[in-house]
Each structure stands twice: as C-alpha cells, then as structure tokens.
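The values are calculated or read from the model by the stated rules, or taken from the named source; none is laboratory data. What you are looking at is a predicted structure, and each value in this text was computed from that prediction instead of being measured. FYI the Cβ positions are ideal-geometry reconstructions off the backbone, even for glycines, and counts take in every protein chain you see. The protein model used for the area step is the full one, side chains on, heavy atoms only, and it has no ligands, DNA or RNA in it. Shrake-Rupley method; radii C 1.70, N 1.55, O 1.52, S 1.80 Å.
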Amino acid sequence: MKDRLDISSAVEGLYDAFPFPPDPLIDEAPPGYNWRWSWPVAYSFCTGQKPKKQDIRILDAGCGTGSSTDYLVHLNPQSSVVGIDLSGSALRLAKERCIRSGASRVEFHHLSIYDIEKLEGEFDFINCVGVLHHLPDPIQGIQNLALKLAPGGIMHIFVYAELGRWEIRLMQQAIAILQGNKRGNYQDGVKIGRQLFASLPENNRLVKYEQERWSFENQRDECFADMYVHPQEIDYNIDTLFELIEASGLEFLGFSNWEYWDIKRLLGKSPELIEKAIDLNYKKHYRLIEVLDPQISHYEFFLGRPPLHKVDWSHDQFLRTAIPELSPCIQGWPSENIFDGSYRLVNLSRQEYEFLEACDQASGKSQLTVEEILTNISVGLETVRLLQSRLLILLTPSSDYS
Ligand SMILES: C[S@@+](CC[C@H](N)C(=O)[O-])C[C@H]1O[C@@H](n2cnc3c(N)ncnc32)[C@H](O)[C@@H]1O
C-alpha cells in the first residue's frame, strides 16, 4: 500500500513540475479533429452504427492539462464532461483552457482513478489516454474505470508498447544511473538527459532514434520529462496487453489505429503468408504483426460494456434501407480533397464525392435512405460500405430492422 502511495505521489510530483500536454491555451475551439473524441464517430467505429442518443456523460480520466477534455466538450455538443487528474497544476491549466475556449459543459475534480467511486453515476464514453501505464497497478485502474462505464458504453485507452520504446527505456536508465540519489528531481533529470543527447556521438542508436521520432515534440521540457524522467512506466506487449484487457471484464472492440494492424500492409506480396496469418487466433495474429514491425510504441483501442449491438452492413437490403449522413469529422467539405477524422488527406473518387454530396443535401430535410439516394446517382453499395468503414459517413439502420 505504501509503495502505491509513494508511486502515485512521485507521479503527481512529475506532472506538477511538468504539466502535460504543454499545448498552448487559445481563445477559441481547438483546431482540427480527432474522431476518437467524437462520440458518434467513435461509437460508429465500434458498432457500425450511429448511436441513438447524443446527450451523454463523458469522463476524461487522467485529463492532464485538458487538451483532450476541451476537444471532448466541443466535439460532443450535447454531452456533459468530467475531467479528473492527480496533478493540481495540470488541472489548473485544464480549467483555464476550457474557460478560454468556451467549453462550458465540463467540470474537473482533483481525484485519482483509484478513488473513482467518489464520482457520481456512470459514463457512456470514457477516454483514458496515456495514463494507465503510469499507475502502480494498471489492472486495478482499468477495473475501476470499467465500474464507471454504463451498459452500452465505450472506453478509449492508450498505453505504451515495449517494442518501440526500447531506446527510450535505455535512456531512462542512463539518466537514472547518472542522477543517483537525485532521482525524483525532475528538473535535474531533464538537464542530465539533454546533456547526454548533446554528448553522445551522432550515430549513436539512442540519439538517432530520438532524432527520427521524438525530438520535435521533445523540444518542450514537459514532453522530454514525460518521456525520459518518469518515475513510473509499465510497457506492454500483445500478451500482457490482453491480460490487462481481460482483467477489465469489458469487450475488446478493436484498435483505433487499425491501419497498423492490417497484415496486408506487411505481407501484401505473399497471399500464401497472409492466409496463414489470417488463420491464426487473434492474439497470435497481432503478435505476428508487432514482431514484424517493432516500431510500435503504443496501443490504442476501444473497449465496451455489453449490450452493444453491432451492425453488419454486408447484407444488401439492410444497407439499402439505412439512413446515411456525413460524418461530423470531415474537414474541408465540400471538396473532392478532404481531411478525414484523423486529419489525413483523402482524395475522393467522383462516385464517393457524389454520394457524400447527396447525403449532405438530404441532411436537415426528410432523412433519405441509401436506396433513395441511389435512385438519382449511379453509385454501388460497395462505395457506400467503403465510405462507412472509413468513417466518412455514419449509418442508422432502418427502424424496421431494430
Ligand atoms: C501523459 S499525461 C496524459 C494527459 C492526457 N490524458 C493526454 O493524453 O493529453 C498523464 C496524466 O495522468 C495523470 N495521472 C496519473 N496517474 C493518475 C491517477 N492515478 N489518477 C488520475 N490521474 C492520473 C497525470 O497526473 C497526468 O496528468
């Protein structure tokens, strides 16, 4: 018990000294879009369909300085949002950020995930990014969060992966060795870390990795400290990740960076090997991908509490009777070159553009089904499925099917 308290207070000390993330405070809604923070889009990713209700409760567990909380408020206009964190300094910035951006449907509590039972009620959507791996007991943490997830609710989690953090862990050790009994003095740790990077040869593996992947954001001391002088970090591999997930008692709904987990990305040249990989059970399949592409430095995924009704759009008649609408996370519309919910450029085909345009024109008026839209434009159902799977449209099943 003492250990756990010691670790939590060391973690609190780090984020009080270096509140994270160090994003600037601005006097307007945050820029861009991340679909993982949009309830209708995230729910659609997890279940295939738009959620029935929008007036939901959201929890940002370990909200830090409130960047994600700010997005959660702005991207979900009918929701009420609660942010909790261990660090008082981070929370002060989170509050100021939300006041300045006009995010009003939010409250913050200085509270540990370990004491989450003090929060009233349950939440439909929980965001817990970059937090569980800093807890002394992440299993206890995820179980506490699971208790707060409402039936039919979803939770987005982000934890570190060991393969792509190998060099980071070595640098952490080097700093700790040089700090000796000054460990826990985070300013000193940052100073020694920066001296180390400046002193090592240019072609040193730790230096090269830092420069290739992290040095841009690590110009900020808050990011450098979060990466290299953290008092508590647990990294996962596929086996230990699924131990954590299974301990939550929730259902695994998929990795939110799904492109990484597509075996065709790696073995596209060999249909025979792809077939072998597809025959593997899901843990072996994912393990194969991470060992073949060991640059992975985190896992991001959704869990859900049943009942969650998942919709399969492969049946043509079912799809024809669905009501489509433009995803709220498209940026740059109307244009054939738009940004998707991960802020990636998408070049739409003529057919895709026409379908989206028809959805856009129908929205606000009487809701048209896929079939009604397709009477005026020559677009195939495969195109509709593709737009749905890329989260560019949301689909609501016809009430005849519910
Ligand atoms: C790396 S930051 C992530 C902040 C934010 N979620 C984000 O992604 O930008 C980790 C945050 O988790 C908080 N934290 C760590 N342990 C916690 C706990 N037991 N309960 C609540 N918050 C915790 C820290 O204070 C810190 O602000």
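Please name all residue pairs, on different chains or six or more residues apart, with Cβ atoms under 9 Å, provided the first residue is in region 290-312 and is modelled with pLDDT under 95 and the second residue is loosely packed, with under 13 Cβ neighbours inside 10 Å and in a loop (DSSP other than H, G, I, E, B).
Short answer, once both residue conditions are applied: His309/Ser402.
Does Thr47 satisfy being of a type in the set (S, T, N, Q) and near the ligand (Cβ under 10 Å from one of its atoms)?
No, not satisfied.
Could we say that Arg320 is on the phi < 0 side of the Ramachandran plot, out of contact with any helix residue (DSSP H, G or I) (no Cβ under 7 Å at 6 or more places or on another chain) and of a type outside the set (Ser, Thr, Tyr) here?
Against the criterion (on the phi < 0 side of the Ramachandran plot, out of contact with any helix residue (DSSP H, G or I) (no Cβ under 7 Å at 6 or more places or on another chain) and of a type outside the set (Ser, Thr, Tyr)), Arg320 does not qualify.
Return the pair list, or none, for Cβ contacts closer than 7 Å from residues in region 169-185 that are surrounded by 12 or more Cβ atoms within 10 Å (Cβ to Cβ) to residues that are among the β-branched types (Val, Ile, Thr), at least 6 apart or on different chains.
Ile175/Ile192; Ile175/Val229; Leu178/Ile192; Gln179/Ile192
Residues in region 4-13: is at least one touching a residue at least 12 places away in the same chain (Cβ under 8 Å), charged (D, E, K, R) and farther than 22 Å from Phe252 by Cα?
Scanning region 4-13 turns up at least one residue that is touching a residue at least 12 places away in the same chain (Cβ under 8 Å), charged (D, E, K, R) and farther than 22 Å from Phe252 by Cα.
Return the residues of region 53-85 that are among the acidic types (Asp, Glu) and within 9 Å of the ligand (Cβ to nearest atom); say none if nothing qualifies.
Selection gives Asp60, Asp85.
Can Gly88 be described as of a type in the set (Gly, Ala, Ser), out of contact with any Cys (no Cβ under 9 Å at 6 or more places or on another chain), near the ligand (Cβ under 10 Å from one of its atoms) and modelled with pLDDT of 95 or more?
yes
Say we look at region 237-291 and pick out the residues that are of a type in the set (A, V, I, L, M) and not in a helix (DSSP H, G or I); which of these is farthest from Arg36 (Cα to Cα)?
Taking the candidates together, the pick is Leu280.
Need pairs with beta-carbon distance below 9 Å; first residue open to solvent by 100 Å² or more (accessible area, probe 1.4 Å) and within region 340-353, second small (Gly, Ala, Ser) and part of a loop (DSSP other than H, G, I, E, B); sequence gap 6+ or separate chains.
From region 340-353, the pairs are Tyr343/Gly32; Leu345/Gly332.
Of the numbered conditions (1) within 12 Å of the ligand (Cβ to nearest atom); (2) in contact with a helix residue (DSSP H, G or I) (Cβ under 6 Å, 6 or more places away or on another chain); (3) under 30 Å from Lys52 (Cβ atoms); (4) not in a strand (DSSP E or B), Leu145 satisfies every one except a single condition; which is it?
(2)
Matching residues to (1) touching a residue at least 12 places away in the same chain (Cβ under 8 Å); (2) more than 16 Å from the ligand (Cβ to nearest atom); (3) farther than 28 Å from Phe45 by Cα:
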{"position": "Glu107", "(1), (2), (3)": "yes, no, no"}
{"position": "Lys118", "(1), (2), (3)": "no, no, yes"}
{"position": "Val131", "(1), (2), (3)": "yes, no, no"}
{"position": "Gln195", "(1), (2), (3)": "no, yes, yes"}
{"position": "Ala198", "(1), (2), (3)": "no, yes, yes"}
{"position": "Asn203", "(1), (2), (3)": "no, yes, yes"}
